[in-house]
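S.K.: For reference, the structure I am asking about is given below.
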Amino acid sequence: MTLAIQLPQAGLRRYGSLLSPMAWGALAVAAVVVLLSLFAPVLAPYDPDYVDLNNVLAGPGGQHLLGTDALGRDLLSRLMHGGRTSLLGPTIVVIGSTVLGLLLGLVAGWSEGWLGKVLGRLFDLLFAFPALLMAMLAIALFGKGLFAPILAMTIAYVPYVARLTQSLVVAERSRPYVQAYRVLGFRTPWVVLGRVLPNLIPTVGAQSTLNFGYVLADLAALSFIGLGVQPPTSDWGAMIEESRGALLGGYILPAFWPALVVVLVVVAVNVIGEELSDRIGGKLS
């Protein structure tokens, strides 16, 4: 006799077909920014650190499409190269927090005893520390730069993924297909990693997409107050900070362009994340 077990279909196919036009537009914006950043060494018209004192605070024109900053550096080139640093940090944070959050959430959700309760209290404790505050504490310990904020924010965003994963596992644990596998004697690691985890990835992926936008804004804020990426490295937040003097003198473009890119990328990522959440059937924001 053959026992047929009906498994839930994992993947985004069960949550809808095509994205909305707004989501496609957001995806196009994000893709353009990522591609320009990745290929900046090839596409950028100038060296991002090249100082040209004869073209200080020049407006947009044929030689400099977006103008120059207070040191005569080409703004378009600095934006493209700055994207490599500005996008790298959130990517590492999101990957690290998602992997750790998934593992801890799986353990917390599947454990019915003291271990699940202890991990739940740990998540609550981490929620009490804002990401920016934890990043500042890490900078005080390890110094300015990219390493300390990335480490701190990875830890700070773990409970967002872990708590979501825990609640999903608790709900999934009582489903008939899981009970059937347990009755048939399948090992717990195989059931959890091979059958439960694939059904969690779409929802967790939507939350992680939203987290990317939040982390990008947080890291840009740290660079703006001088605690993140340090000059002369190109970074969107650092570019805004470097343009404060020019802004006070009435030159808005050196600060406007990096601020605009940050806003566009954060909004685009949030639109994509919200769209994924809606398709999956849960508001995660």
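The values are calculated or read from the model by the stated rules, or taken from the named source; none is laboratory data. A quick note: this is a predicted structure, and the numbers were derived from the prediction, not measured. Here the Cβ is made from the backbone with ideal geometry for all residues, glycine too, and neighbour counts use every protein chain on show. Only protein heavy atoms, including side chains, enter the accessible area calculation; ligands, DNA and RNA are left aside. Shrake-Rupley method; radii C 1.70, N 1.55, O 1.52, S 1.80 Å.
S.K.: Tell me which helices (runs of 4 or more DSSP H) are completely within the stretch 200-285 and hold 3 or more residues being at pLDDT 85 or above and closer than 22 Å to VAL32 by Cβ, or say none if there are none. First the steps, then the outcome.
M.R.: On the way: elements: 236-242, 244-248, 253-280.
Answer list for the stretch 200-285: 236-242, 253-280.
S.K.: If I filter the stretch 82-96 for residues that are open to solvent by less than 50 Å² (accessible area, probe 1.4 Å), within 19 Å of LEU197 (Cβ to Cβ) and not aromatic (Phe, Trp, Tyr), do I get at least one hit? Spell out the reasoning first.
M.R.: Pass one, the stretch 82-96, residues open to solvent by less than 50 Å² (accessible area, probe 1.4 Å): 82-83, 85-87, 89-90, 93-94, 96.
Checking which are within 19 Å of LEU197 (Cβ to Cβ) leaves us with 94, 96.
Within this subset, residues satisfying the condition of being not aromatic (Phe, Trp, Tyr) are 94, 96.
Scanning the stretch 82-96, I find at least one residue that is open to solvent by less than 50 Å² (accessible area, probe 1.4 Å), within 19 Å of LEU197 (Cβ to Cβ) and not aromatic (Phe, Trp, Tyr), so the answer is yes.
S.K.: Which residue pairs have Cβ atoms under 7 Å apart, sit 6 or more places apart or on different chains, and have a first residue in the stretch 235-258 that is within 13 Å of ARG73 (Cα to Cα) and a second that is of a type outside the set (A, V, I, L, M) and open to solvent by 60 Å² or more (accessible area, probe 1.4 Å)?
M.R.: GLU242/PRO231
S.K.: Would you confirm whether any residue within the stretch 128-149 is open to solvent by less than 70 Å² (accessible area, probe 1.4 Å), of a type outside the set (A, V, I, L, M) and part of a helix (DSSP H, G or I)?
M.R.: So far as the stretch 128-149 goes, yes, one or more of its residues are open to solvent by less than 70 Å² (accessible area, probe 1.4 Å), of a type outside the set (A, V, I, L, M) and part of a helix (DSSP H, G or I).
S.K.: Kindly indicate which of ASP124, ASP74 is surrounded by fewer than 23 Cβ atoms within 10 Å (Cβ to Cβ) and either in contact with a Cys (Cβ under 7 Å, 6 or more places away or on another chain) or free of Cβ contacts under 8 Å to residues at least 60 places away in the same chain (or both). Spell out the reasoning first.
M.R.: On the way: ASP74 fails: surrounded by fewer than 23 Cβ atoms within 10 Å (Cβ to Cβ).
After ruling out the rest, the residue left standing is ASP124.
S.K.: For the stretch 180-193, what are the residues that are open to solvent by 20 Å² or more (accessible area, probe 1.4 Å), assigned to a helix (DSSP H, G or I) and either touching a residue at least 40 places away in the same chain (Cβ under 8 Å) or in contact with a helix residue (DSSP H, G or I) (Cβ under 9 Å, 6 or more places away or on another chain) (or both)?
M.R.: In the first step, residues of the stretch 180-193 are kept if they are open to solvent by 20 Å² or more (accessible area, probe 1.4 Å); the result is 180, 182-190, 193.
Okay, now just the ones that are also assigned to a helix (DSSP H, G or I), so 180, 182-183, 188-190, 193.
Listed by number, the residues that qualify are ALA180, ARG182, THR188, TRP190, LEU193.
S.K.: Taking only the stretch 224-268 into account, find how many residues are among the aromatic types (Phe, Trp, Tyr) and farther than 22 Å from ALA152 by Cβ.
M.R.: Initial filter on the stretch 224-268 (among the aromatic types (Phe, Trp, Tyr)): 224, 236, 251, 256-257.
Right, trim to farther than 22 Å from ALA152 by Cβ and you get 251, 256-257.
Qualifying residue count, the stretch 224-268: 3.
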